[in-house]
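**Student:** Please find one structure pasted underneath; my questions will follow.
Computed from the coordinates by the stated procedures, all read-outs in this text should not be read as laboratory data. Small disclaimer: the values here were computed from a predicted structure and weren't measured. Glycine also receives a Cβ, built like all others from the backbone with ideal geometry; neighbour counts cover every protein chain displayed.
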Amino acid sequence: MIPYGLALLLVALSGIPGLFLQKGGGRIAAILQGLGALAGLTASLHLLCGGRPWTLSLPATPLGSAGLLHFDAIAAFFLIPVLLVPACGSLFGVGYWRDRDENASRLHLLYGLLTAFLALLVAASHAFTFLLGWEGMAMAAFFLVITEDRNPETRRAGWIYLVSTHTGTLCLLGAFALVSAATGSFAFSAFPAGLAGTGRLTAAFVLFLLGFGFKMGAFPLHFWLPPAHAAAPSHVSAFMSGVLIKMGVLGLVRFLAWVPDPPLWWGGVLVILGALSGILGVAFALGQHSLKRLLAYHSIENIGIILLGIGIGSIGKSTGHLEIMVLGYGGGLLHVLNHSLFKGLLFLAAGSVVHATGTQNLEELGGLARSMPRTSAGFLTGAWAICGLPPLNGFISEWLIYLAAFRGLILTRSPWPILTLTALAIIGALALACFCKAFGIVFLGEPRSEHATHAHESPRTMLVPMGILGGACILIGLFSFLGLPGLDRLVADLAGQQVLPGIGELAHLPALSVLAIPLLGLACLLWRWARAMPSARQVPTWDCGYAAATPRMQYTASSLADGLVSGMRIVLLPKVRWRRILAIFPSPRRFHSHLPDPVLDRVASPGLDLLSRFLILFRILQRGYLAVYLLYVMLTLIFLLVWMVV
Amino acid sequence: MEDILPIRLVHLLLHGLTALLVAPLIPGLINKVKALVAGRQGPRILQLYYDLAKLIRKRAVFSRTTTWVFLLGPIATVTVGWVAALIVPFGHFPAPIRFEGDAIFFAYLFGVARFLTVLSALDTGSSFEGMGSARELTFSALAEPALFLGFATLAKYSGSISLSGMLASPQFTLSRVMAPHILVLTAWFIVYLAENARIPVDDPNTHLELTMIHEVMVLDHSGRPFALVLYGSSLKLLVLGALILGPFLPRTHYWWLDWVAFFGALAALAVAVGIVESIMARFRMNKVPQLLLAAVVASAFAFTLLFA
């Protein structure tokens with residue numbers, strides 16, 4: 001309890017000194033965040049390695065006597081990314097967002113506060129503390145998104161985020177009310193069996209799904225995510241994409257932990273949502289031209305993978321196949337941690353690119369692997385992990401979900417496992433294509449513009465956090481079996497059962513570690529062997545003998561993804577503007593392609609415009625005279641009086 | 001009988017030697033078949049071994065555009081081939097390393113090779129190689145579901161998620177091959193042709209930028225890295241060949257006869273690829289996705305048949 005409290009205090013106060021200092025505020029914030037992360041990680045690891053959970057409760061509160069905070073395995077697990085990623089992010093911020101930059105002290109303050117609210121949220125075990133943490137998180141994140149509030153695009157992204165998050169909160173309020181009406185308490189506790197099938201709980205499930213779906217960015221509630229992530233400073237994007245959206249998963253997991261007998265269709269709905277988010281997330285990522293928007297769409301994809309895991313786990317629980325449940329839940333939850341690590345890493349590397357070149361447009365970048373070798377190694381590690389390629393951590397969690405799906409299709413006759421399996425295979429192939437594009441276009445080849453030509457490697461404060469996150473990705477990938485006891489405990493908490501088959505018995509994780517040895521060993525040997533021969537360097541690319549190629553003639557990001565994007569044009573509806581070339585000696589032509597978001601640009605924006613045109617009629621009521629408002633008050637009172645009497 | 005230690009050792013030795021040495025024979029055999037069908041003498045069957053020996057002694061040329069990423073592609077191709085050979089059974093004897101879920105690891109290993117080969121190609125900054133990369137990524141995204149639906153079918157049939165359980169299962173005899181297996185074989189043969197860059201998906205012979213996918217991605221490799229590329233692609237022919245042949249190998253009562261059957265089947269596969277290449281033209285690029293979709297549909301049907 002003490003390390004957790006200490007961590008909460010340290011991160012909450014980390015931005016305060018910066019308010020009173022001319023410079024050095026960012027440095028102090030980073031140190032405090034780092035210390036807070038150390039304290040919190042000891043608490044988490046202690047609990048996951050077998051420590052006892054604790055509860056904080058007030059003896060007599062108007063809210064009932066139940067605990068306000070409960071630090072169990074789920075809280076301990078989610079606390080790891082909640083503290084680790086912002087600690088790395090704030091250190092990154094020292095180099096990335098100088099103290100003299102726009103709104104720096106506000107940024108430091110809110111970065112710390114957001115961390116504190118998230119740390120509060122993970123341990124919340126009462127609707128009151130949960131919603132307190134939830135709203136604090138929403139507001140802090142809103143002000144972080146609009147750090148560069150002089151830019152109208154940023155303000156727009158911030159408003160979209162604010163509206164979505166509050167719509168989500170509204171759903172949550174309704175859901176908590178329904179749950180308390182059914183159980184008689186606002187505290188988080190297990191439901192009696194048989195309650196889950198009732199109409200009230202069905203409504204609560206749908207409302208929770210909406211509320212948490214907005215936060216985690218599940219399709220089609222994802223639309224706030226790409227603009228917000230693209231507009232925020234990169235270490236804020238890393239924090240939001242790596243950690244904040246996972247709070248939706250946390251909420252869903254908390255809710256599922258209360259239910260001893262989830263209906264089968266809940267799992268089915270989660271699998272469908274997961275497949276939809278996963279496939280469409282990566283498909284829309286393929287068509288993006290902006291590096292950070294591309295990464296944002298990949299967050300939607302990874303939320304899809306997590307939902308597939310949790311959904312198949314829930315199906316295992318409903319059908320009584322404990323091994324499917326354990327593998328699905330284990331894979332889904334491990335992917336939460338893994339995604340926060342590699343997505344944090346990718347956003348920081350993207351921030352490093354933006355810092356060095358001043359642009360996040362893929363078509364203007366290129367050749368950065370030579371000018372920024374460390375950043376490019378960091379991005380490559382993140383890309384490798386996010387594609388789920390062995391031997392890094394992304395593969396471990398996806399592998400567990402695959403195993404759950406395979407066991408599901410062997411053991412049951414339900415259609416969900418094969419859907420999960422196919423969706424994962426498609427997501428895997430498309431994610432690989434997308435990160436070939438992202439890494440290949442940004443870091444390889446020749447620079448495509450002046451911006452990229454004059455790029456320089458980032459300072460050490462920005463490289464060290466990337467190293468920490470990348471190192472964590474590699475360690476989890478290579479030594480995954482060491483984390484098995486903690487993962488077993490976590491799954492037991494989520495399942496609400498203590499006697500379960502261990503993940504280690506179902507999935508032979510040490511075999512993956514053993515196979516990594518020949519994989520890396522052979523690669524090293526071949527690397528040395530291939531470089532042992534003297535070679536000719538400083539020659540141009542052969543390129544079939546075409547000597548006069550310019551950097552502008554390289555393959556672009558759009559053309560690399562064109563095969564897949566135009567293959568899926570029925571779903572993606574890309575907007576392409578160009579005129580057919582007919583003349584033998586044509587004049588210069590322009591080609592323009594753009595992939596609008598299907599929900600934001602096609603439904604939400606036009607729909608809300610229409611709505612606001614209608615709502616303008618109500619302006620008549622708002623006259624701006626005090627007397628008129630007093631009249632409204634009086635009319636209301638009279639109405640209420642009449643209503644009470646009658 | 002097969003559990004006796006000396007025989008296990010012989011199996012392991014044969015497995016290792018096959019993985020290390022036999023692979024370059026397969027392209028030689030395919031080319032010989034193509035030459036014979038066309039009425040030519042053709043290169044020797046051992047030609048690839050000579051080519052590799054020559055390339056190993058040659059200096060490599062690296063473009064000044066390339067970085068350390070450039071070498072990763074060739075290295076990954078060979079490493080992945082060898083590690084995959086550790087977990088795929090050759091014939092009816094289980095692979096040296098086997099565990100539940102190694103089929104998924106197997107598929108993702110080739111993902112690593114594809115990822116790094118594409119990055120190596122993009123590292124040269126050449127638009128030809130970019131074009132090849134784009135096609136490779138597009139087509140492999142279609143081949144992946146076909147591969148996994150095939151795995152799902154075999155897993156449902158054998159109750160195992162391990163390649164050794166799925167492919168070298170004692171349940172498999174020729175008499176028990178059923179409609180789902182034939183559909184999986186059809187789908188996987190298409191995947192095999194696409195993954196190994198053969199006609200009708202890709203043309204391994206031409207260096208014309210309009211026709212090639214895999215060949216264009218390795219345009220700038222030379223010397224030892226190029227030797228790795230050539231050896232790696234022959235290794236892929238072997239390992240994926242062992243994968244798609246597994247469920248259809250007849251099982252005999254003698255372990256040595258099982259090995260003969262395996263090598264015979266591998267040779268037959270090479271001949272089949274050679275004949276396909278001799279009698280067909282490469283498809284137009286916009287027809288290739290339809291072929292691969294046919295593979296996806298075939299394996300989906302296979303699963304549905306087993307499911308019903």
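**Student:** Please report the net charge: other residues with Cβ closer than 14 Å to the Cβ of A:VAL243, K and R +1, D and E -1.
**Tutor:** On the way: positive: A:LYS215, A:LYS246, A:LYS343; negative: none.
Taking every Cβ under 14 Å from that of A:VAL243, the sum is +3.
**Student:** Given R₀ = 45 Å, what would the calculated FRET efficiency be for B:ARG57 paired with A:LEU9, taking r from the Cβ atoms and rounding to 0.05?
**Tutor:** 0.10
**Student:** Which loop-located chymotrypsin sites (Phe, Trp or Tyr not before Pro) does segment B:259-308 contain, where loop means any DSSP state but H, G, I, E or B and the Cβ has at most 16 other Cβ atoms within 10 Å? Present the calculation step by step, with values, prior to reporting the outcome.
**Tutor:** On the way: sites: B:TRP259, B:PHE262, B:PHE263, B:PHE283, B:PHE301, B:PHE303, B:PHE307; in loops: B:PHE283.
Of the chymotrypsin sites (Phe, Trp or Tyr not before Pro), the ones in loops of segment B:259-308 whose Cβ has at most 16 other Cβ atoms within 10 Å are B:PHE283.
**Student:** Let me ask something else about it. Averaged across B:64-75, how many Cβ atoms of other chains sit within 10 Å of each residue's Cβ atom?
**Tutor:** Mean inter-chain Cβ contacts per residue within 10 Å come to 6.
**Student:** Would you calculate, for chain A, the mean residue ellipticity at 222 nm contributed by helices, counting each DSSP H stretch of 4 or more residues as -39,500 (n - 2.57) and dividing by all residues, to the nearest 500? Walk me through the numbers on the way to the answer.
**Tutor:** On the way: 27 runs with 442 residues, N = 646.
Helices in chain A give a 222 nm mean residue ellipticity of -23000 deg cm²/dmol.
**Student:** Sorted by mean Cβ packing within 10 Å, highest first, what order do the peptides A:426-436, A:339-349, A:280-290 take?
**Tutor:** So the peptides A:426-436, A:339-349, A:280-290, ranked by packing, come out A:339-349, A:426-436, A:280-290.
**Student:** List every DSSP H helix in chain A whose Cα atoms extend 30 Å or more along the helix's own long axis and whose mean Kyte-Doolittle hydropathy is at least -1.0. Display every interim value, and only then the final one.
**Tutor:** On the way: long enough: A:25-48 (34 Å, 1.25); A:73-96 (35 Å, 2.02); A:152-183 (46 Å, 0.64); A:264-286 (33 Å, 2.09); A:291-319 (42 Å, 0.81); A:322-357 (51 Å, 1.16); A:416-443 (39 Å, 2.03); A:509-532 (35 Å, 1.47).
Long hydrophobic helices here: A:25-48, A:73-96, A:152-183, A:264-286, A:291-319, A:322-357, A:416-443, A:509-532.
**Student:** Considering chain B as a Gaussian network with a 10 Å cut-off on Cα pairs, which listed residue, B:ASP51, B:ASP220, B:ASP203, attains the greatest mean-square fluctuation?
**Tutor:** B:ASP51
**Student:** Let me ask something else. Dividing the Cα convex hull volume of the protein assembly as shown by residue count, how many Å³ per residue is that?
**Tutor:** Working: hull volume 191.7 nm³, N = 954.
That works out to 201 Å³ per residue.
**Student:** Once you sort the root eigenvalues of the Cα gyration tensor of segment A:263-527 as a ≥ b ≥ c, which label holds: rounded (a/c under 1.5), prolate (a/b larger than b/c) or oblate (the other case)? Can you show the working numbers first?
**Tutor:** Values: a/c = 2.43, a/b = 1.74, b/c = 1.39.
Prolate shape, in that a/c is at least 1.5 and a/b is the bigger ratio.
**Student:** Same structure, new question: Quick check on segment B:118-266: take the gyration tensor over C-alpha atoms, sort the square-rooted eigenvalues as a ≥ b ≥ c, and tell me if it's rounded (a/c under 1.5), prolate or oblate. Please list the in-between numbers first.
**Tutor:** Working: a/c = 2.76, a/b = 1.97, b/c = 1.40.
Prolate is the answer for segment B:118-266, as a/c is 1.5 or above and a/b outweighs b/c.
**Student:** Take segment B:221-308, compute every pairwise Cα distance, and split them into 5 Å bins from 0; I just need the percent in each bin.
**Tutor:** Values per bin, smallest distances first: 3, 10, 11, 15, 19, 19, 13, 6, 3, 1, 0.
**Student:** Counting other Cβ atoms within 10 Å, which trypsin sites (Lys or Arg not before Pro) in segment A:545-637 have at most 12 and lie in a DSSP loop?
**Tutor:** Numbers: sites: A:ARG552, A:ARG569, A:LYS575, A:ARG577, A:ARG579, A:ARG580, A:ARG589, A:ARG590, A:ARG602, A:ARG613, A:ARG619, A:ARG623; in loops: A:ARG579, A:ARG580, A:ARG589, A:ARG590, A:ARG623.
Answer in residue order: A:ARG579, A:ARG580, A:ARG589, A:ARG590, A:ARG623.
**Student:** How crowded by other chains is A:516-527, given as the mean number of beta carbons from other chains within 10 Å of each beta carbon?
**Tutor:** Working: counts 1, 1, 5, 8, 1, 1, 8, 10, 2, 2, 12, 6.
Other-chain Cβ atoms within 10 Å of each residue's Cβ, averaged: 5.
**Student:** Within a 10 angstrom radius of each residue's Cβ in A:426-432, how many Cβ atoms of other chains show up on average? Whole number is fine. Write down the numbers at each step before the final one.
**Tutor:** Values: counts 6, 1, 8, 14, 3, 2, 10.
That average works out to 6.
**Student:** For chain B, what is the largest minus smallest coordinate of the Cα atoms on each principal axis, given in angstrom and ordered from greatest to least?
**Tutor:** Ordered largest first, chain B gives principal extents of 57, 44, 43 Å.
**Student:** On a 26 Å Cα-Cα criterion, which of the cross-link pairs A:LYS23/A:LYS343; A:LYS215/A:LYS292; A:LYS437/B:LYS236; A:LYS343/A:LYS437; B:LYS54/B:LYS287; B:LYS32/B:LYS236 come out too long? Walk me through the numbers on the way to the answer.
**Tutor:** On the way: A:LYS23/A:LYS343 30 Å; A:LYS215/A:LYS292 19 Å; A:LYS437/B:LYS236 24 Å; A:LYS343/A:LYS437 17 Å; B:LYS54/B:LYS287 38 Å; B:LYS32/B:LYS236 19 Å.
Beyond 26 Å between Cα atoms: A:LYS23/A:LYS343; B:LYS54/B:LYS287.
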